[in-house]
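Visitor: Below: one structure in C-alpha cells.
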Amino acid sequence: MGRPCIHSHRRDENGSRSTSDSVKMALAAWTASLLIFIPHVFTSTTHLAVISPQDPALPVGSSITVVCTVSSELGLEASTMYWTLNGRRLAKSSYTVLSPTELSVTLHRLNGSQQQSGDNLVCHGGNGDVLAGSCLYVGMPPEKPANLSCWSRNTKDLSCRWSPGGQGETFISTKYVLKYKLRWYGKEKECAEYNTGQPNTCYIPRDLAIFTPYEIWVEATNQLGSATSDVITLDILDVVTTDPPPDVHVNRVGELDDQLSVRWASPPALKDFLFQAKYQIRYRLEDSGEWKVVDDVGNQTSCRLAGLKPGTVYFVQVRCNPVGIYGSKKAGIWSEWSHPTAASTPNSERLQSGSCEPKSEEQNNTTLRRELKQFFGWMRKHTYGCTNVSIKLYDQWRAWLQKAHKTRNQVGKRYVSHLCSTKSAYKYHA
C-alpha cells in the first residue's frame, strides 16, 4: 500500500493560521500522519512552505517544472533544499534556484504513477525536514469500455460485466459506473452493488421490469478524461439464465455394461414460467479431466449414455438453457453445471467374440480380485459394523477417492458414515 501524498501547508486569507478547535484538530491529525509515514517531518506551526502547481494530473510522457517556495522567516537557503519522488532523492542537475527562497525541479518524460493514489513529490530542508509535498497523477484518460453483457437469474435480478477498453491500464484511479434506464421512459439510474472480488461487474438485485427493454451503458472517468461504452438494449426475458437442474440421478441400464441412464428435474425457479428448456450433459471417466458433451438432448429430462467402458466409474453433470420465456426469440443463457453425480457401468463377464487372449482376461480378473481385497480390507479396518457391503458401496468408495484425490488407505473414518448411508455429497445410484 503506497504512502498518502503530502500536500503543501495552507494559510488563511490573512496569512495566519486559524485558532479554531476544528483547525487545531486537523493540524494535529495532519502532523501525526506525517510523523508516521515520513521521518524528520517539519512541524512548525508558524512558518509554511508551498509547492506549485499542487497535485497536477498529467498524461504519461509529460514534463513538468514544480516550484517549492518557503517563508523567508525560516532562514532557509533554497540552495540547501532538495527534492524526493516516492522517497527517492532527485538529482541536483534537475534543480534550479530561482531565488533565495525558491527551488524548482524539472521532471521529463514521466512514466505512469506507481500507485493510483498519486506519486509523492516532496520538498525537503537541508536537514531532511519535510517542507511541503504534492501528488503527481501521471496516467492516461480511460478508453471506451467494451464487451458489455448482462444476464438475469430467473428474471429476478440483473448482473452485468464489461472490459475497461484498450489495455485497461490508466495508472491513476478510474471510476466505472454502470447506468441504465427504461428505453422509452423512466429515470436514469446507477447500479450500486459493485463486486470487489470480480472487477468490472455490477449487480442490480430488484425492481426490474419485464416486457420492456432497458438501455444500459458504462461510463469511465478519471482526472484526465472520460469515456462511455456503446449502449446495449435488452429485455430481461431475453437474457435469463437459471439454476443448474436439480435431482440428477445416474443409474445402470440393467446388465448393459456400456450404458448409463441419466434423469433430472426442471429448474424449480421457473416452474411458473412458460418456456422451452434445452439441456446439455457432459461426462468423464473417473481418472480423466476431459469431459465429453452431449448436445442433442433437447427439452427431455432424461437421456441414455451409450458406448461407455464396462466396469468404469463416470461423473455426470447437466445444465439448462431456459429458451423462449414468455415467447422470447433470443437464444437464452446456459446455467452453471450441476454438481457431479457418480455411477459405474457393470463389469463385463462375457468374452468378446473371437477372443484368443484368455491370458488378458485372467490378468483383468487378477487385478479386480486384488482391488476388491484391498477394498474389503479397508472395510474391516474402518467400518465397525457396517453390514451393507455391496457393489454399490464399492462404487461409492471409488467415487469418494476421486473426489478427495487421496489413495484408498487415506480415505479415513470420516467417510464411513457417508458410505454406509443412502446420502453422500455425490448422489449415487447403482
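Please treat every number below as a calculation from the coordinates, not as lab data. Model, not experiment: these values are computed from the prediction. Positions of Cβ are generated from backbone atoms using ideal geometry, with glycine treated the same way; all protein chains shown enter the neighbour counts.
Visitor: Any idea what Rg and Dmax come out to for region 247-322 if you just take the C-alpha atoms, in Å?
Guide: 13.4, 42
Visitor: Expressed as a fraction of 2.2 N^0.38 Å, the rule-of-thumb size for a compact globular protein of N residues, what is the C-alpha radius of gyration of region 174-328?
Guide: On the way: Rg = 21.7 Å, N = 155, 2.2 N^0.38 = 15.0 Å.
Rg over 2.2 N^0.38 Å, computed on Cα atoms: 1.45.
Visitor: Okay, moving on. Give me the Å³ per residue figure for the convex hull around the C-alpha atoms of region 93-184. Walk me through the intermediate numbers first.
Guide: Working: hull volume 17.3 nm³, N = 92.
Taking the convex hull of the Cα positions in region 93-184, it is 188 Å³ per residue.
Visitor: Right, another one. Just how far, in whole angstrom, is region 46-105 from region 115-172 if you go by their alpha carbon centroids?
Guide: That distance is 26 Å.
Visitor: Spelling out what I want: for every residue of region 80-97, take phi, set θ = phi - 60°, compute 6.51 cos²θ - 1.76 cosθ + 1.60 (Karplus), and round to whole Hz; glycine and proline get x.
Guide: Whole-Hz 3J(HN,Hα) from phi for region 80-97: 9, 7, 8, 10, 10, 10, 6, x, 9, 5, 7, 5, 4, 5, 8, 8, 9, 7.
Visitor: I've got another one for you. Can you run phi through the Karplus equation (6.51, -1.76, 1.60; θ = phi - 60°) for region 131-146 and list ³J(HN,Hα) in whole Hz, with x for Gly and Pro?
Guide: Values, residue by residue: 8, 6, x, 8, 9, 9, 9, 10, x, 9, x, x, 8, 4, x, 10 Hz.
Visitor: Can you give me the C-alpha center-to-center distance between region 173-232 and region 297-348, rounded to a whole angstrom?
Guide: Cα centroid of region 173-232 versus Cα centroid of region 297-348: 35 Å apart.
Visitor: Any chance you could tell me what percent of the C-alpha pair distances in region 188-250 go past 13 Å? Mind showing how you got there, number by number?
Guide: Working: 1498 of 1953 pairs.
The share of Cα pairs beyond 13 Å in region 188-250 comes to 77 percent.
Visitor: Let me ask you something else. What is the calculated FRET efficiency for ASP207 to GLU169, with r their C-beta to C-beta distance and R₀ = 41 Å, to the nearest 0.05?
Guide: On the way: r = 35 Å, r/R0 = 0.86.
So, using R0 = 41 Å, E works out to roughly 0.70.
Visitor: How high is the relative contact order of region 74-119, in percent, counting Cα pairs under 8 Å that sit 6 or more residues apart? Please report the intermediate quantities before stating the final value.
Guide: Values: 37 pairs, mean separation 15.4, N = 46.
Relative CO of region 74-119 lands at 34 percent.
Visitor: Let me ask you something else. Say the cut-off is 22 Å between C-alpha atoms; which of LYS187/LYS330; LYS156/LYS329; LYS271/LYS292; LYS189/LYS271 go over it?
Guide: Details: LYS187/LYS330 27 Å; LYS156/LYS329 19 Å; LYS271/LYS292 29 Å; LYS189/LYS271 31 Å.
Among LYS187/LYS330; LYS156/LYS329; LYS271/LYS292; LYS189/LYS271, the Cα-Cα distance tops 22 Å for LYS187/LYS330; LYS271/LYS292; LYS189/LYS271.
Visitor: Could you compute Rg(Cα) / (2.2 N^0.38 Å) for region 282-336, with N its residue count? Walk me through the numbers before you get to the answer.
Guide: Numbers: Rg = 14.3 Å, N = 55, 2.2 N^0.38 = 10.1 Å.
Relative to the 2.2 N^0.38 Å estimate, region 282-336 comes out at 1.42.
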